[in-house]
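Okay, so here's the structure we're looking at.
Where a number appears in this text, it was derived from the coordinates with a stated rule and is not lab data. Predicted model, so just to flag it, every value in this text is computed and none were measured. So basically every Cβ, Gly included, is an ideal-geometry build from the backbone, and we count neighbours across all protein chains shown.
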Amino acid sequence: MKKDDCIFCKIAAGEIPSNTIYEDSEFRVILDLGPASTGHALILPKNHYDDVCTLDRDLAAKVLPLAARIGEAMKKSLGCTGFNLVQNNGRSAGQTVFHFHVHVIPRYEDGPDMVSWTPGKPTAEEMAQTAEKIRSALV
Ligand code: 5GP
Ligand code: ZN
C-alpha cells in the first residue's frame, strides 16, 4: 500500500530517482541525501508504514538480515570498519520522514562521532519503577 503524498513511497517505487544500492520486490535501499558519513544508506520498504509500530511483522523479520548484508558490503567496498543501524520513531525521536526506514551508517576509524549520550545515574528504585511501568504496558 502506498501513501499519496509520501516522498519515500515515490522513491521506493522508482517514481523519483535515487542512488539505489539494492532492490527487490519488497525493499529499496538508497543513499541518504544528507549523509552522516560516506555511504549512509536508507532501507525503505516499498509499501508504506508510518513507523516500526505499524510495520508488517513478516517484513520486519527481513529488515535486520538485509541491514547486515548492506553493512557487510559497506565494510568490503568503502573501507569502513563498522556501521550503526539507526531507526527513528516519532518527531521527538528525530523522525522527519514518516515512512518507516532504517539508517545504515558506515563508521570509519577517523570518525565522525555519532550516536552518543551522557549516561544517567538513576537509583535502583527509579530503575525498578521504570521497568515496572513499561512491563505493565506491554501488550
Ligand atoms: P529520519 O530523520 O526520518 O530518521 O530520516 C530521514 C532521512 O531521510 C534524513 O537522513 C534525510 O537526509 C533523508 N532524506 C530526506 N529526504 C530525502 C530524499 O528525498 N532523498 C533521499 N535520498 N534522502 C532523503
Ligand atoms: Zn510512504
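Of all aspartates and glutamates in the structure, the ones whose alpha carbon falls short of 14 Å from that of K3, not counting any fewer than 8 places away in one chain, are E15, D50, D51.
Look at where the Cα atoms of the stretch 111-139 and of the stretch 1-78 average out, and the two centres are 29 Å apart.
Cross-link pairs exceeding 30 Å in C-alpha to C-alpha distance, out of K46/K121; K2/K62; K62/K121, comprise K46/K121; K62/K121.
When peptides 14-21, 123-130 are ranked by their average number of other Cβ atoms within 10 Å per residue, the highest-first order is 14-21, 123-130. What you get for the chain, charging only the Cβ of Lys and Arg (+1) and of Asp and Glu (-1), is a dipole of about 120 debye around the Cα centre.
For the chain, the longest principal axis of the alpha carbon atoms and the long axis of helix 124-137 meet at an angle near 60°.
Distances between placed amide hydrogens fall under 5 Å for V102 paired with I43, all partners being 5 or more residues away or on another chain.
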